[in-house]
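Engineer: Below you'll find the structure I mean.
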Amino acid sequence: MDNRNIKEHLDELLRASRLEEAERFMLSTLKEARDQEDVPVQLFILSELAGFYRDCGRFEESVKSAEICREYFDREGINEGEDFISMELNLANAYRAAGRHKDAHRVYDEVYPVIRPFSEKYCPAYYNNLALLYEDEGDLRSAADAFRSAIGCLSRSDPDYERRLAITRANLSSVQTLLGEDGEENAKLSLEYFRGLSPSDFHYSAALSAMGDVLLSKGDTKKAALFFEAALSEMLLHMGECPFCDTVREKIGLCRRGEQTERVTGLTLSRMYYEMFGKPMLKRNFPDETKYLACGLCGEGSECFGFDDRQSEDHDFGPSFCIFVSDNAPEGLQERLEKAYSLLPPVFMGKRHTESPNTSGRRGVMTVSDFYRRVLGCIPETAEDFQSVPDDRLAAAVNGEIYFDYCGEFSAIRRRIIHRPLADRLAKLAAELEMMSKCGEYNLPRITARGDRAAALVCRAQFLLACARAYHLCENKLAPYEKWIFESLRRLSPEFARSLEENALLSDDHGKVIELVKDRILSSGLLKEREPLAVMAERLTERARQVNTADKIASLEWQLFDKVQNRGGRADCQDDPYTFFHMRRSQYYSYDTELLESIYRDFRTAAESGRNVITEKYGYMMESTFPEEFREIQGSLPEVDDEKKKLAEAIIPIQVGMMEDFAKEEPDTALRARPIHTWEDSPAQTSYETYLRGELYTYSTDTLALYGAFIVRLVREGRNLAREIIEKEKGPLL
């Protein structure tokens, strides 16, 4: 048996806070050593047991183990040397912790002369432990002097110098506070050493408690309670339940005496736990890897929505948070983070994180893609992707709070979900209106007339859910799952929620609720006319198709626009996607669906053949703005045949006339826009007419025919396309 190997395994168990396993290991090793009459191993294990039992508050067992060691030294007549010194200090500390102060003083007096030849190594521990004895006896001045002596004895050449200094500073700070002195500096310096260590040091709890004492003495009870709570977490981690825990709990109670106890929500608990333990751990152990990380609390669970209550604490609740690792992170980073996370205290603020079989994996370390795929089933990109994911899943992906995101990947997807495609919102609202119509206007009255109460309950529930989801969609909010959807609705619109409960839950007359939903749709601008639910659903479905096609065109157009090579280098507008998409959508959202689908086909056909129609569009414009350069590139542009020119030149005067009419009605707005006519072109400015001509020339003949029919229809309806596009540019797109 080898003490070095035994110590390494024991240290590993204690670092992982596997206390019961550590005790079993020591006892079994002690028995084996006795059977083999291996005295060095017996003495080593007994010494370790004495310290272990002392730290866990099992004082009589600690004294017994230390006294057995002393008996061996007495029997062998050994009264000097380093092994003897270690045994004596261990015994004295055991007596001190057990309250046997006279015995402790006797042993300290015995060992002091023996220490002198080894003063540099053992004097700091001697004075530190003697100071604890003075403190237990209430002799605070002697305790403070002894702690200072311990600090004075420390040697900077000692590999454990910083740790020993931090331990003693924490102890000195506590005594200073009791003496009415300011111990904050020592507490801070001690915390600087211990904070963030992974695994955490056994003595971290003393440093946290010392800072709690300092803050309590200054009247900052709220902050003091937080440090005491953290100290208790560390104690439970390293010692388990023991008398020291009760002492800290008394201090927590003292801090909160007279205060009205408010329940700590899951989001608040998570943030506090992260700030106290998670953030220091990441800062200290992964300073160069945080650029691959995001951190926060979101996903499934009532607490992530902020809807948790005491009943919610039975599962998936407690001190925890999520670390999201970039999919491009270095190999092995996730495994190292998982180990560090597993070493954090499992208990904080009196709560322990609990999981059930169906909630595992929701907290802790995970990759960005794993999180989104678990919650959503996919990482949505297109409107079709979004429509395949229910809104309650999307809501779970973007709820909660993100503490930081240095990698950017997590928040980029999160933003994409929050600002999901308008087409998805329109299509889902159409589906909810269809359900409202089906259940509230048709099925429920018929079922009620038949007297089928069970079927009526089901139908009413479907209607209520459809109403709640529809209202969320009108507000452009993601509705959570059924359990919390009405709580979300109450916070979103108390008035509508109350009306829904009064007029739908308590009666069979759903007309008022339906009209309120229609009001909200009209006020949101998603539709302009009040019609029967089924008709409004059809119009929203068509609008979704129109918007989706327009968005796909704009996305393709941006990809091509980004690649355009300009005469003077890259243009500023090529680095401004927000303005680009807003302007292009303002135009395309004004077109009808059939025309948009034809334009989309043109873009796809051109792209498949390797053409950049945006480059071609600007090339056609140069015939007026840069005629000489145009002649140089003309041969590289697709030829515009006579039929296409004829169609385009029939359309252009009508649209120019619309712009002229708009300019007369709103001259100030027109002055800020492009010049209207080709004759106003210059190298610095391209007119509305020239820009339109260049765009129309890129369309196929079929698309131009549809475009011409669309313009003619607008004229017959008295609509001005220029006005509609500019109004969208200035305000809502719909």
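Engineer: Determine whether segment 464-478 contains at least one residue that is over 31 Å from the mean Cα position of the chain (by Cα) and crowded, with 16+ Cβ neighbours inside 10 Å.
Structural biologist: The answer is yes, given that some residue of segment 464-478 is over 31 Å from the mean Cα position of the chain (by Cα) and crowded, with 16+ Cβ neighbours inside 10 Å.
Engineer: Residues that are in contact with a Phe, Trp or Tyr (Cβ under 9 Å, 6 or more places away or on another chain), more than 24 Å from S369 (Cα to Cα) and touching a residue at least 12 places away in the same chain (Cβ under 8 Å), at least 3 per element: which helices (runs of 4 or more DSSP H) completely within segment 255-318 meet that?
Structural biologist: Result: 266-273.
Engineer: Can you name the condition, by its number, that C407 falls short on among (1) in a loop (DSSP other than H, G, I, E, B); (2) touching a strand residue (DSSP E or B) at 6+ places or on another chain (Cβ under 9 Å); (3) under 30 Å from E313 (Cα atoms)?
Structural biologist: All conditions are met except number (3).
Engineer: Just one of (1) at pLDDT below 90; (2) within 15 Å of G299 (Cβ to Cβ); (3) of a type in the set (K, R) trips up R352, so point out which.
Structural biologist: So the condition that R352 fails would be (2).
Engineer: Now, a different point. Can you find a residue in segment 515-525 that is among the charged types (D, E, K, R), within 29 Å of R543 (Cα to Cα) and exposed (fewer than 14 other Cβ atoms within 10 Å of the Cβ)?
Structural biologist: yes
Yes/no per residue for (1) within 30 Å of Y618 (Cβ to Cβ); (2) in contact with a Cys (Cβ under 7 Å, 6 or more places away or on another chain); (3) part of a loop (DSSP other than H, G, I, E, B):
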| residue | (1), (2), (3) |
| --- | --- |
| I485 | no, no, no |
| R491 | no, no, no |
| V517 | no, yes, no |
| K528 | no, no, yes |
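Engineer: Only one of these conditions is not met by R674: (1) under 25 Å from E643 (Cβ atoms); (2) outside any helix (DSSP H, G or I). Which number is it?
Structural biologist: (1)
Engineer: Go through (1) part of a helix (DSSP H, G or I); (2) farther than 19 Å from T168 by Cβ; (3) of a type outside the set (K, R); (4) over 53 Å from the mean Cα position of the chain (by Cα) for Y112 and report which single condition fails.
Structural biologist: The failed condition is (2).
Engineer: Shifting gears a bit: Any idea which of (1) among the charged types (D, E, K, R); (2) within 14 Å of the chain's Cα centre (by Cα); (3) more than 30 Å from I485 (Cβ to Cβ) is the one R363 doesn't satisfy?
Structural biologist: R363 satisfies every listed condition except (3).
Engineer: Quick check: is even one residue across segment 554-570 assigned to a helix (DSSP H, G or I), more than 35 Å from the chain's Cα centre (by Cα) and in contact (Cβ under 8 Å) with a residue 40 or more places away in the chain?
Structural biologist: Within segment 554-570 (the criterion being assigned to a helix (DSSP H, G or I), more than 35 Å from the chain's Cα centre (by Cα) and in contact (Cβ under 8 Å) with a residue 40 or more places away in the chain), the answer is no, since none of the residues qualifies.
Engineer: So how many residues does segment 214-258 have that are small (G, A, S), surrounded by 22 or more Cβ atoms within 10 Å (Cβ to Cβ) and under 20 Å from L344 (Cβ atoms)?
Structural biologist: Within segment 214-258, residues that are small (G, A, S), surrounded by 22 or more Cβ atoms within 10 Å (Cβ to Cβ) and under 20 Å from L344 (Cβ atoms) number 3.
Engineer: Same structure again: Could you grab me the full set of residues in segment 136-145 that are part of a helix (DSSP H, G or I) and either modelled with pLDDT of 95 or more or closer than 11 Å to L178 by Cα (or both)?
Structural biologist: L140, R141, S142, A143, A144, D145
Engineer: Go through segment 602-622 and give me each residue that's among the basic types (K, R) and over 40 Å from the mean Cα position of the chain (by Cα).
Structural biologist: R611, K617
Engineer: Does A550 meet the test of being within 30 Å of S437 (Cα to Cα), among the aliphatic types (A, V, I, L, M) and in contact with a Phe, Trp or Tyr (Cβ under 8 Å, 6 or more places away or on another chain)?
Structural biologist: It is true that A550 is within 30 Å of S437 (Cα to Cα), among the aliphatic types (A, V, I, L, M) and in contact with a Phe, Trp or Tyr (Cβ under 8 Å, 6 or more places away or on another chain).
Engineer: Restricting the search to segment 179-200, which residues are free of Cβ contacts under 8 Å to residues at least 40 places away in the same chain and among the hydrophobic types (A, V, I, L, M, F, W, C)?
Structural biologist: Matches in segment 179-200: L179, A187, L189, L191, F194.
Engineer: When you check M583 against the structure, is it aliphatic (A, V, I, L, M), assigned to a helix (DSSP H, G or I), crowded, with 19+ Cβ neighbours inside 10 Å and touching a residue at least 40 places away in the same chain (Cβ under 8 Å), yes or no?
Structural biologist: Criteria not met by M583.
Engineer: Determine which member of the set V325, V264 is among the aliphatic types (A, V, I, L, M) and over 16 Å from the mean Cα position of the chain (by Cα).
Structural biologist: V264
Engineer: Further question: Note down all Cβ pairs under 8 Å where the first residue falls in segment 361-387 and is assigned by TED's automatic domain parsing to the domain that holds P346 and surrounded by fewer than 15 Cβ atoms within 10 Å (Cβ to Cβ), the second is aromatic (F, W, Y) and at pLDDT 95 or above, and they're at least six residues apart or on different chains.
Structural biologist: C378/Y372
Engineer: Now for a different question. Can you tell me how many residues in segment 648-694 are in contact with a strand residue (DSSP E or B) (Cβ under 8 Å, 6 or more places away or on another chain) and closer than 14 Å to I725 by Cβ?
Structural biologist: 1
Engineer: Residues being within 12 Å of L734 (Cβ to Cβ) and in contact with an Asp or Glu (Cβ under 8 Å, 6 or more places away or on another chain): count how many of those fall in segment 525-543.
Structural biologist: Count: 1.
Engineer: Do the conditions hold for E60, that is, is it surrounded by fewer than 20 Cβ atoms within 10 Å (Cβ to Cβ), farther than 30 Å from L237 by Cα, among the acidic types (D, E) and free of Cβ contacts under 8 Å to residues at least 60 places away in the same chain?
Structural biologist: In short, no.
Engineer: Could you tell me how many of the residues in segment 80-100 are charged (D, E, K, R), under 20 Å from Q42 (Cβ atoms) and either buried (at least 19 other Cβ atoms within 10 Å of the Cβ) or not assigned by TED's automatic domain parsing to the domain that holds S47 (or both)?
Structural biologist: Residues that pass the stated criteria total 1.
Engineer: Still on this structure: Only one of A456, A479, A427, A423 is in contact with a Leu (Cβ under 8 Å, 6 or more places away or on another chain), modelled with pLDDT of 95 or more, in a helix (DSSP H, G or I) and among the aliphatic types (A, V, I, L, M); which?
Structural biologist: None of the other options fit; the residue is A427.
Engineer: A further question follows. Take L237 and decide whether it is among the aliphatic types (A, V, I, L, M), closer than 19 Å to L282 by Cβ and at pLDDT 95 or above.
Structural biologist: no
Engineer: Let me ask something additional. Considering every residue within segment 683-699, establish whether at least one is surrounded by fewer than 17 Cβ atoms within 10 Å (Cβ to Cβ), in contact with a Lys or Arg (Cβ under 9 Å, 6 or more places away or on another chain) and either among the small types (G, A, S) or over 18 Å from M583 (Cβ atoms) (or both).
Structural biologist: No, segment 683-699 has no match at all.
Engineer: Mind counting the residues in segment 715-729 that are touching a residue at least 24 places away in the same chain (Cβ under 8 Å) and under 49 Å from the mean Cα position of the chain (by Cα)?
Structural biologist: The number of residues fulfilling the criteria is 9.
Engineer: Let me ask something else. Six or more apart or on different chains, Cβ under 6 Å: which pairs go from a residue in segment 201-228 that's within 12 Å of L178 (Cα to Cα) to one that's in a loop (DSSP other than H, G, I, E, B) and of a type outside the set (D, E)? Could you list them?
Structural biologist: V214/G183
The values are calculated or read from the model by the stated rules, or taken from the named source; none is laboratory data. All of these numbers come straight from a predicted model, not from anything done at the bench. When we count neighbours, we look across all protein chains shown, and the Cβ atoms used for this are built from the backbone with ideal geometry, even at glycine.
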